[in-house]
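Read-outs: derived from the displayed coordinates by stated rules, not from any lab. Since the structure is predicted, the reported quantities are computational estimates derived from the model, not experimental observations. All Cβ positions, glycine included, derive from the backbone under ideal geometry; neighbour counts span all protein chains shown.
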Amino acid sequence: MPEAPAQDRPFTPPGVIVPDAPLPYFHALWKLMDNPLEAWPKAVYEEPYFQRGDDRQMFLYASDPAMLKDILLDRIDAFPKDWMFDRVTKPALGEGLLTAQGEAWRWQRRAAAPGFRPDNVAAMTPVMVRAAEAALARWRDRGDGARLDIATEMTGVTFQVILDTMLSGGEGIDVAQAARAITDYLETLGKITPADLLQWPTWTRVALAPRGYRAMVALKAMVDRMVARRRHEAARGDLVDLLMQAQDPESGRRMDDVLLRDNLLTFIGAGHETTALALTWSLYLLGADPGTAARVRAEIADVAGDATLTDDHVQRLTFTRQVVLEAMRLYPSLPLLSRMCAEDVEAGGVKVRKGTFVFIPIYAIHRHRLLWTDPDVFDPDRFSPERSVGRHRFAYLPFGAGPRVCIGPAVAQTETVAILATLVRGAELEPDPGHRIRPVMRVSMRPQGGMPMTLRLRQDAP
Ligand code: HEM
């Protein structure tokens, strides 16, 4: 029988190579430093939970939605963020919103929340569309057939969006330099190192990574300069003003320059890298599955014709949104969250001992055999309203869940759909068949070696 054309077959994009059984101790240790995703055995994808360890240290991988609900929501006080997370993030982000705990976290969250109200998000859409159009114009200058690293391209676009939407353009911040510094930080200090495993003081891990340290100092200096300038300028109504004016209603505390910088770096870091990755993986999937790309283009033509995309159009691009949701299922920007169990407690009916390291392996949860049909297949229709009925809230966690859920899902979803739609209208991107896709974890999940793709300009683009 003749083979069916590629687009008629379910498309199974490459993923992490999963070991059949838990790796031997030293191999697992090495993987933890090289690419933790490759240390998770099959059981993490097949069992409701998986425990490993001994009397000194237990590790729990939780995939059962009921257990996850206890960890992230119902018993959250028993599962604070853990010391390993602190070691990786705090050198750069200090006590900002992502890293703070308890009351110090609560008031910062309240302070930032108005910046993410639906009316504020809707007002950001034209900025997002303009950033994507500017990228398309640069691509046109490069010419048909140009080879682009889409991961770097998307980082540049989303970085500009954060600066333009939340920091009034962020004068004094050099996008290329800052994006390079963030990559340098993540590739050095964003990894677990021997100093972490041996629990040496945090300064040792920083001292052992001069490239990451220099990157961190440069980033902090850039933001410090911006804060110093803004303290003496009239208000502009952006996130910087919101945070500068915020006051803890209980203690009367305001953000000093250091906390303000920690938060601005948090928003820059948490807000652009994650969104850039969601776009990178979405563009890869569309490039590899032309049938789905054609459906996306048809939807955009149907909703917007030749007009520049508006927020109203973007909200009506339901299939395009499903593509992004499916890309974030297969390749979640943050593939792992971790917590520490602070007291003997039950989660999902299972006893968890105080001191247990709790892993929330989002990448594996999103491909879990008990939670998804054909989990490794790219199928955006699984997010259609009909097929989403009955899905457990805690089976799909690209933005986390519970009180510590991401503050920016509405921004991120509007941004990814607006930028993706603008780009696919003007260009087709072909994956490089010679490039091996290997997702690696450096806090976020990046394609190793970037995402090289070949540009095909669309002549009939509006
Ligand atoms: C596709 C894009 C994004 C993804 C996948 C994502 C994912 C996440 C996840 C999983 C968490 C929870 C971390 C945890 O529980 O340990 C989180 C927290 C956070 N995200 Fe996002 N995020 C995205 C976009 C954004 C944007 C656009 C912003 C802001 C501009 C943002 C700012 C934050 C902040 C400040 C936190 C900490 C919230 C808190 O602890 O109260 N994120 N994000």
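In whole Å, largest first, what are the principal axis extents of the Cα atoms in the stretch 127-263?
Ordered largest first, the stretch 127-263 gives principal extents of 56, 46, 23 Å.
Debye calculation, C-alpha points only, no solvent: report log10 I(q)/I(0) for the stretch 124-163 at q = 0.25, 0.28, 0.32 Å⁻¹, in the same order as the q values.
Rounded to two decimals, the profile gives -0.85, -0.98, -1.11.
Taking H as built 1.01 Å from N, whose amide H comes closer than 5 Å to the amide H of MET58, not counting residues under 5 places away?
Amide H neighbours of MET58: PHE357.
The chain: longest stretch without exposed GluC sites (Glu not before Pro) (DSSP loop, at most 10 other Cβ within 10 Å), sites themselves excluded? Don't jump to the answer; show the numbers that get you there.
On the way: sites that count: GLU3, GLU233, GLU250.
The answer is 4-232.
Name the shape class, rounded, prolate or oblate, that the alpha-carbon gyration tensor gives for the stretch 397-462, where a ≥ b ≥ c are the square roots of its eigenvalues, rounded holds for a/c under 1.5, and otherwise prolate holds if a/b is larger than b/c and oblate otherwise.
Working: a/c = 4.67, a/b = 1.34, b/c = 3.48.
Because a/c hits 1.5 or more and a/b fails to exceed b/c, the stretch 397-462 counts as oblate.
Over all pairs of distinct alpha carbons, what does the Kirkwood formula give as the hydrodynamic radius of the stretch 20-457, in Å?
Working: mean 1/r = 0.0442 Å⁻¹.
Every distinct Cα pair counted, the radius reaches 22.6 Å.
How would you order 300-312, 78-90 from highest to lowest mean count of nearby Cβ atoms within 10 Å? Let's see the in-between values first.
Details: 300-312: 14.7, 78-90: 18.5.
Taking the mean over residues of other Cβ atoms within 10 Å, the ranking is 78-90, 300-312.
Largest first and in whole Å, what are the equivalent-ellipsoid semi-axes of the stretch 246-290 based on the Cα gyration tensor, each being the root of 5 times an eigenvalue? Walk me through the numbers before you get to the answer.
Values: eigenvalues 304, 20, 4 Å².
For the stretch 246-290, the ellipsoid semi-axes come out as 39, 10, 4 Å.
What is the chain's relative contact order, in percent, from Cα pairs under 8 angstrom and six or more apart in sequence? Before the final figure, lay out each step's value.
Values: 697 pairs, mean separation 126.5, N = 462.
Once normalised by length, the contact order is 27 percent.
Rounded to the nearest angstrom and ordered from largest down, what semi-axes does the equivalent ellipsoid of the stretch 1-84 get from its C-alpha gyration tensor (root of 5λ)?
So the equivalent ellipsoid measures 32, 20, 12 Å along its semi-axes.
Over the alpha-carbon set of the stretch 50-178, work out the extent along each principal axis and list the three values in angstrom, largest first.
61, 37, 31
Calculate for the chain the 222 nm mean residue ellipticity that helices alone would give, adding -39,500 (n - 2.57) per DSSP H run of length 4 or more and normalising by residue count, nearest 500 deg cm²/dmol.
Working: 19 runs with 228 residues, N = 462.
Rounded to the nearest 500, it is -15500 deg cm²/dmol.
Could you name the lysines whose alpha carbon sits less than 29 Å from that of LYS191, not counting residues in the same chain fewer than 8 places away?
Hits, sequence-local ones excluded: LYS31, LYS42, LYS69, LYS81, LYS90, LYS220, LYS354.
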